[in-house]
Amino acid sequence: MLKKNVGNLDKIIRIVLGVALLAGYFLNGGGAYSWLYLVGAAIALVTALVGSCGLYTIFGFSTCPLKK
């Protein structure tokens with residue numbers, strides 16, 4: 001299982017970003033690169049829902065609060 005490395009504020013930002021990218025896709029559906037909106041939205045929403053970010057893992061970064 002993936003290690004949790006996405007904190008609550010980070011999750012909220014990712015969800016808002018994902019919803020905004022989905023709206024961008026539907027508003028610009030006929031654009032040449034509109035599929036990038038979907039890819040970005042999927043990445044943002046999945047990482048927010050799962051609570052783990054692959055790039056954070058690679059670079060050893062975490063926004064989760066420290067456990068005592």
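The values are calculated or read from the model by the stated rules, or taken from the named source; none is laboratory data. Everything numeric in this text was worked out from a predicted model, so none of it was measured. Glycine also receives a Cβ, built like all others from the backbone with ideal geometry; neighbour counts cover every protein chain displayed. Areas reflect the complete protein model, heavy atoms only, side chains present, ligands, DNA and RNA absent. Shrake-Rupley method; radii C 1.70, N 1.55, O 1.52, S 1.80 Å.
Once the range 1-30 is narrowed to residues that are open to solvent by less than 90 Å² (accessible area, probe 1.4 Å) and of a type in the set (K, R), the residue that is nearest to the chain's Cα centre (by Cα) is R14.
Taken over the range 16-32, residues that are among the hydrophobic types (A, V, I, L, M, F, W, C) and not in a helix (DSSP H, G or I) amount to 1.
If you filter the range 1-15 down to residues that are in contact with a helix residue (DSSP H, G or I) (Cβ under 7 Å, 6 or more places away or on another chain) and assigned to a helix (DSSP H, G or I), you find that the one that is farthest from I58 (Cα to Cα) is I15.
Scanning the range 33-60 for residues that are more than 22 Å from L21 (Cβ to Cβ) and either among the hydroxyl-bearing types (S, T, Y) or assigned to a loop (DSSP other than H, G, I, E, B) (or both) yields T57, G60. Taking the range 31-41 as the range and being open to solvent by less than 100 Å² (accessible area, probe 1.4 Å) and hydroxyl-bearing (S, T, Y) as the test, the residues that pass are S34, Y37.
Among the numbered conditions (1) modelled with pLDDT of 90 or more; (2) at negative phi; (3) surrounded by 13 or more Cβ atoms within 10 Å (Cβ to Cβ), tell me where G51 comes up short. Tallying (1) modelled with pLDDT of 90 or more; (2) at negative phi; (3) surrounded by 13 or more Cβ atoms within 10 Å (Cβ to Cβ), G51 fails exactly one: (2). In the range 32-44, the residues that are over 15 Å from R14 (Cβ atoms) and of a type outside the set (D, E, K, R) form Cβ pairs under 6 Å with partners that are part of a loop (DSSP other than H, G, I, E, B) and open to solvent by less than 90 Å² (accessible area, probe 1.4 Å), at six or more places apart or across chains, as follows: S34/N28.
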